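A.B. asks: Have a look at this one before I ask anything.
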Amino acid sequence: MMMHLLIRGKKDGILCPIPSHSLYTDSMVLRGATLVPYYLDEYRGWSVNISDLKKQLNGARAKGIAVRGLVVVNPGNPTGQVLVEENQCEIVELCKNECLVLLADEVYQENIYTDQKKFNSFKKVARSIGYGEGDISLVSFHSVSNGYYGECGRRGGYMEVTGFSSEVRGEVYKVASLSACSNISGQILMSLVMNPPKVGDESYPSYLAERDSILSSLSCCAEAMVSTFNSMEGMTCNKAEGGISVFPSVRLPPRAIEAAEAMNTEPDVFYALRLLESTGIVVVPGSVFGQVPGTWHFRCTILPQEEKTQQIISRFNVFHEAFMEEFRS
């Protein structure tokens with residue numbers, strides 16, 4: 001919806017992180033706008049490099065593109081990072097100084113697996129700096145289909161729109177009201193997400209036990225996968241700090257790249273298909289999300305049940321060893 005309101009034509013652009021969920025890049029195509037990509041810094045835990053961000057912004061403007069907004073996904077998807085507050089402050093300052101609408105995808109805010117970091121909403125960060133309603137335009141997104149509740153079969157969510165005039169807010173409500181009928185089940189579920197059982201409620205002990213069990217299982221699965229991928233030949237994987245996936249980098253042998261090119265297939269797609277055919281394990285090639293040219297990745301979720309994780313890891317390991325040996329120069 002906000003893309004619809006921000007985009008007027010192909011000369012309008014939105015800064016989008018690479019890698020990121022195809023939702024944003026595909027939305028740009030549908031709206032006929034210009035995607036202005038900025039690469040997350042893999043060597044610094046998939047953080048946002050402000051210097052690169054400014055370079056992409058200025059480069060787009062030099063080509064006549066009116067850059068109107070900046071998408072930030074925190075915690076990251078598919079990259080699984082949690083941004084530090086200092087980095088968030090830099091992003092907020094950039095958006096204020098450059099008059100960009102900050103589009104904050106915060107749907108995995110409950111899924112945090114590190115004691116060294118905590119989730120901070122961009123609204124909270126902006127207010128802590130001293131920026132009020134009239135200083136920065138911010139849209140925050142949350143959803144019932146993500147997070148530890150993971151009701152992916154349901155569709156419910158919200159966006160909070162701040163820092164816009166009453167006229168713009170009126171247009172937002174107008175576009176939202178175009179739906180023929182409301183998503184009642186999604187609204188009910190979103191209400192439960194926003195108002196969970198509290199201390200003293202009869203259901204609070206069982207709610208707390210189930211929530212903590214789910215998050216603990218996800219954390220253990222993530223830790224096991226990261227450790228395994230980092231032990232494999234030619235692979236490196238940043239720690240999963242949040243979200244539901246890891247995004248390892250794999251240095252494919254030249255012969256594997258040549259075999260992929262002979263099939264007119266991206267090398268990471270070639271690897272993912274061979275993995276599927278050999279093991280039944282499904283991963284998503286990094287080229288779906290975007291990646292630095294010449295690098296190859298894949299997204300692997302941390303959703304398998306804890307008792308099945310070791311079996312999956314073992315099969316993955318056997319496949320990777322055989323694959324690397326088959327295509328060894």
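A.B. asks: Report the antiparallel proportion of the DSSP beta bridges in the chain as a percent, rounded to a multiple of 5.
C.D. replies: Numbers: 15 of 34 bridges.
Of those bridges, close to 45 percent are antiparallel.
A.B. asks: Turning to a different aspect of this structure: Taking amide H atoms as placed 1.01 Å from N in the peptide plane, list the residues 5 or more away in sequence, or in a different chain, whose amide H sits under 5 Å from that of Ser137.
C.D. replies: For Ser137, the qualifying residues are Leu102.
A.B. asks: Quick check: net charge around Glu110, other residues with Cβ under 12 Å of its Cβ, Lys/Arg +1 and Asp/Glu -1? Show your work: numbers first, answer last.
C.D. replies: Working: positive: Lys118, Arg211; negative: Glu106, Asp212.
Net charge in that neighbourhood comes out at 0.
A.B. asks: Viscosity 1.002 mPa s, temperature 20 °C: Stokes-Einstein D of the chain from its Kirkwood Cα radius, in µm² per second?
C.D. replies: Details: Rh = 21.4 Å.
Calculated translational D: 100 µm²/s.
A.B. asks: Can you tally the net charge around Tyr131? Count Lys and Arg as +1, Asp and Glu as -1, for every other residue whose Cβ sits under 13 Å from the Cβ of Tyr131.
C.D. replies: Details: positive: Lys96, Lys123, Lys124, Arg127; negative: Glu93, Glu133, Asp135.
So the environment of Tyr131 carries a net charge of +1.
A.B. asks: How much accessible surface area, in Å² rounded to 10, belongs to the heavy atoms of Cys16 with a 1.4 Å probe?
C.D. replies: 0 Å²
A.B. asks: Next question, about the same structure. Pick from Ala259, Ala224, Ala240: which residue has the top mean-square fluctuation in a GNM of the chain where Cα pairs under 10 Å get a spring?
C.D. replies: Ala259
A.B. asks: Check Asn146: other-chain or 5+ apart residues with amide H under 5 Å from its amide H, H built from backbone geometry?
C.D. replies: For Asn146, the qualifying residues are Glu151.
A.B. asks: Let me ask another. For Glu167 and Lys55, compute 0.36 nm times the residue count separating them, minus their Cα-Cα distance, and round to one decimal in nm.
C.D. replies: Details: separation 112, 0.36 × 112 = 40.32 nm, distance 3.26 nm.
Result: 37.1 nm gained on full extension.
A.B. asks: Now, a different point. Excluding ligands, DNA and RNA, what is the solvent-accessible area per residue of the chain at a probe of 1.4 Å, expressed in Å²?
C.D. replies: Working: 16420 Å² over 329 residues.
Ligands and nucleic acids excluded, the figure is 50 Å² per residue.
A.B. asks: Say the dipole of the range 1-194 comes from +1 at the beta carbon of Lys and Arg and -1 at that of Asp and Glu; which of Thr79, Tyr173, Gln187 then lies farthest toward its positive end?
C.D. replies: Of the candidates, Tyr173 comes out farthest on the positive side.
A.B. asks: Measuring from the lowest to the highest alpha carbon on each principal axis, how far does the range 1-143 reach, largest first, in angstroms?
C.D. replies: For the range 1-143, the Cα extents along the three principal axes come out at 43, 32, 30 Å.
A.B. asks: Taking only DSSP H segments of four or more residues, each worth -39500 (n - 2.57), what value at 222 nm results for the chain once the sum is divided by all its residues, to the nearest 500 deg cm²/dmol? Provide the component values of the computation, followed by the final result.
C.D. replies: Details: 11 runs with 142 residues, N = 329.
Roughly -13500 deg cm²/dmol at 222 nm, from the helical runs in the chain.
A.B. asks: Ignoring any ligand, DNA or RNA, what whole percent of the accessible area of the chain comes from carbon and sulfur when the probe is 1.4 angstrom?
C.D. replies: 52 percent
A.B. asks: Restricting to DSSP loop positions (anything but H, G, I, E, B) with no more than 16 other Cβ atoms inside 10 Å of their own Cβ, which GluC sites (Glu not before Pro) remain in the range 202-281? Present the calculation step by step, with values, prior to reporting the outcome.
C.D. replies: Details: sites: Glu202, Glu210, Glu223, Glu233, Glu241, Glu258, Glu261, Glu277; in loops: Glu202, Glu233, Glu241.
Passing both the DSSP loop test and the Cβ count: Glu202, Glu233.
A.B. asks: At what distance in angstrom do the alpha carbon centres of the range 257-329 and the range 41-96 lie from each other?
C.D. replies: 28 Å
A.B. asks: Based on Cβ point charges of +1 for Lys and Arg and -1 for Asp and Glu, what charge dipole magnitude is obtained for the range 202-329 about its Cα centre, in debye rounded to the nearest 20?
C.D. replies: Values: 9 positive and 16 negative charges, 41 e Å.
Rounded to the nearest 20 debye, it is 200 debye.
A.B. asks: Let's see if you can work this out: charge +1 on each Lys and Arg Cβ, -1 on each Asp and Glu Cβ, no other charges. What is the dipole magnitude of the range 106-244 about its Cα centre, in debye to the nearest 20? Could you put the intermediate results ahead of the total?
C.D. replies: Working: 12 positive and 16 negative charges, 48 e Å.
The calculation lands at about 220 debye.
A.B. asks: Continuing with this model, one more query. Using a Förster radius of 41 Å, what is the FRET efficiency between Asn97 and Arg155 based on their Cβ-Cβ separation? Nearest 0.05, please. Before the final figure, lay out the partial values.
C.D. replies: On the way: r = 36 Å, r/R0 = 0.88.
Calculated value: 0.70.
A.B. asks: Which of the peptides 289-299, 115-125 is most tightly packed, and how do the rest follow, judged by the mean count of other Cβ atoms within 10 Å per residue?
C.D. replies: Numbers: 289-299: 18.5, 115-125: 15.6.
Final packing ranking: 289-299, 115-125.
A.B. asks: If you take the charge dipole of the chain about its Cα centre, with +1 on Lys and Arg Cβ and -1 on Asp and Glu Cβ, which of Asn49, Val107, Ala33 is farthest toward its positive end?
C.D. replies: So the residue we want is Ala33.
A.B. asks: Now for a different question. If you take every residue apart from His297 with its C-beta less than 13 Å away from the C-beta of His297, what net charge results, scoring Lys and Arg +1 and Asp and Glu -1? Please report the intermediate quantities before stating the final value.
C.D. replies: On the way: positive: Arg251, Arg299; negative: Glu42, Glu266, Asp268.
Taking every Cβ under 13 Å from that of His297, the sum is -1.
A.B. asks: Subtract the Cα-Cα distance of Ala62 and Asn230 from 0.36 nm times their separation in residues, and report this length gain in nm to one decimal. Display every interim value, and only then the final one.
C.D. replies: On the way: separation 168, 0.36 × 168 = 60.48 nm, distance 4.08 nm.
56.4 nm is the gain from fully extending Ala62 to Asn230.
A.B. asks: Further question on the same structure: Holding the Cα-Cα limit at 31 Å, pick out from Lys10/Lys117; Lys10/Lys174; Lys239/Lys308; Lys124/Lys174; Lys11/Lys239; Lys63/Lys174 the pairs that are longer than that.
C.D. replies: Values: Lys10/Lys117 39 Å; Lys10/Lys174 24 Å; Lys239/Lys308 20 Å; Lys124/Lys174 27 Å; Lys11/Lys239 38 Å; Lys63/Lys174 33 Å.
Over 31 Å Cα-Cα: Lys10/Lys117; Lys11/Lys239; Lys63/Lys174.
A.B. asks: Quick check for you: which residues of the range 112-151 have the amide N under 13 Å from the point 7 Å beyond the Cα of Ala176 toward its beta carbon?
C.D. replies: 139-142
A.B. asks: OK, next. Quick one: plug the Kirkwood hydrodynamic radius of the range 183-329 (C-alpha pairs) into Stokes-Einstein at 25 °C, 0.890 mPa s, and report D in µm²/s.
C.D. replies: 141 µm²/s
A.B. asks: Charges only on Cβ, +1 for Lys and Arg, -1 for Asp and Glu: so what's the dipole of the chain about the Cα centre, in debye to the nearest 20? Display every interim value, and only then the final one.
C.D. replies: On the way: 30 positive and 37 negative charges, 207 e Å.
Value, rounded to 20: 1000 debye.
A.B. asks: Tell me, what ³J(HN,Hα) does each residue in the range 61-78 have, in order and in whole Hz, if you take phi through Karplus 6.51 cos²θ - 1.76 cosθ + 1.60 with θ = phi - 60° and put x for Gly and Pro?
C.D. replies: 5, 5, 8, x, 8, 8, 7, 10, x, 9, 8, 10, 10, 8, x, x, 9, x
The values are calculated or read from the model by the stated rules, or taken from the named source; none is laboratory data. Here the structure is a predicted model, which is why all the values come from computation and not from measurement. Note: ideal-geometry Cβ built from the backbone for every residue, glycine included; neighbour counts use all protein chains shown. Note: accessible area is taken over every heavy atom of the protein model, side chains too, but ligands, DNA and RNA are not part of it. Shrake-Rupley method; radii C 1.70, N 1.55, O 1.52, S 1.80 Å.
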